1. Quick one: how many residues across segment 43-79 are in contact with a Lys or Arg (Cβ under 9 Å, 6 or more places away or on another chain) and among the polar types (S, T, N, Q)?
2. Quick one: which residue in Thr93, Thr155 is buried (at least 17 other Cβ atoms within 10 Å of the Cβ) and either among the β-branched types (Val, Ile, Thr) or at positive phi (or both)?
3. What do you reckon, is Thr110 in the same structural domain as Arg143 (by TED's automatic domain parsing), within 22 Å of Leu127 (Cα to Cα) and over 18 Å from the mean Cα position of the chain (by Cα)?
4. When you look at Ala105, is it outside any strand (DSSP E or B) and among the small types (Gly, Ala, Ser), yes or no?
5. Looking at (1) at pLDDT below 95; (2) under 17 Å from Phe147 (Cα atoms); (3) surrounded by fewer than 17 Cβ atoms within 10 Å (Cβ to Cβ), which is the only condition Gln102 fails?
6. Looking at this structure, is Ile172 among the hydrophobic types (A, V, I, L, M, F, W, C), out of contact with any strand residue (DSSP E or B) (no Cβ under 8 Å at 6 or more places or on another chain) and closer than 12 Å to Val49 by Cβ?
7. Residue by residue through segment 67-111, note down the ones that are closer than 17 Å to Glu162 by Cα and polar (S, T, N, Q).
Amino acid sequence: MGDKSRRSTRRDALRSGAKLLIALLACAAVCGCGYTYANSRLSDDYRSVAVPAFKNKSFEPDIQIRVTNLLIRELQADGRFRVIDDPAAADLTLRGSITDFQASAISFSTSDNIGQFKITLLASASLEDTRTGRVIWQEDGLRGTDFYETLGGRTREEALEEASENLVETLIYKCFDSYW
């Protein structure tokens with residue numbers, strides 16, 4: 001009888017566990033897990049994108065290299081398009097320029113020393129159907145910002161990297177995900 005009782009208890013435990021697992025899976029299916037696959041409003045005919053080096057109209061040296069490399073890396077990670085080097089061989093071409101770089105003092109110490117800066121990157125970009133030459137999307141005033149402190153805390157370089165990432169995320173969202 002002890003053996004039967006243990007099997008019965010084990011079976012009941014397995015059934016309870018299975019029911020709990022099914023309930024959790026059903027809840028996850030209904031509620032979602034917070035992850036969504038990014039969809040583009042562009043036609044499925046577009047499978048590749050070229051990203052020529054951005055132009056730099058600001059006074060911040062080499063910022064266009066940082067932004068272009070981040071943009072290519074994000075598009076590759078996104079996976080919707082194959083990123084290729086040659087614009088003539090791509091379905092789409094994403095061009096842009098860094099139009100301004102600003103480092104603004106936003107806080108001061110009691111002795112009038114700058115305590116914190118805000119970095120702002122401004123850009124313009126356009127997406128072109130390479131086959132037809134038609135501009136599909138274009139926007140000026142794209143923005144990426146971040147902050148750094150002069151004493152301790154985040155460095156200017158870290159803030160510049162984060163501002164560049166914010167700019168790239170905004171650009172990808174507005175170009176591929178928003179409803180123009």
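1. 3
2. The conditions single out Thr93.
3. no
4. No: the conditions fail for Ala105.
5. Checking Gln102 against (1) at pLDDT below 95; (2) under 17 Å from Phe147 (Cα atoms); (3) surrounded by fewer than 17 Cβ atoms within 10 Å (Cβ to Cβ), the one that fails is (1).
6. Criteria met by Ile172.
7. Thr68, Asn69, Gln102, Ser104
Table: residues versus (1) aromatic (Phe, Trp, Tyr); (2) touching a Pro at 6+ places or on another chain (Cβ under 6 Å); (3) part of a loop (DSSP other than H, G, I, E, B).
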position: Leu127; (1), (2), (3): no, no, no
position: Trp137; (1), (2), (3): yes, no, no
position: Asp140; (1), (2), (3): no, no, no
position: Phe147; (1), (2), (3): yes, no, no
position: Arg154; (1), (2), (3): no, no, yes
position: Ala159; (1), (2), (3): no, no, no
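The values are calculated or read from the model by the stated rules, or taken from the named source; none is laboratory data. Just so it is clear, the model here is predicted, and its values are computed rather than measured. Glycine gets a Cβ as well: all are built from the backbone with ideal geometry, and neighbour counts include every protein chain shown.
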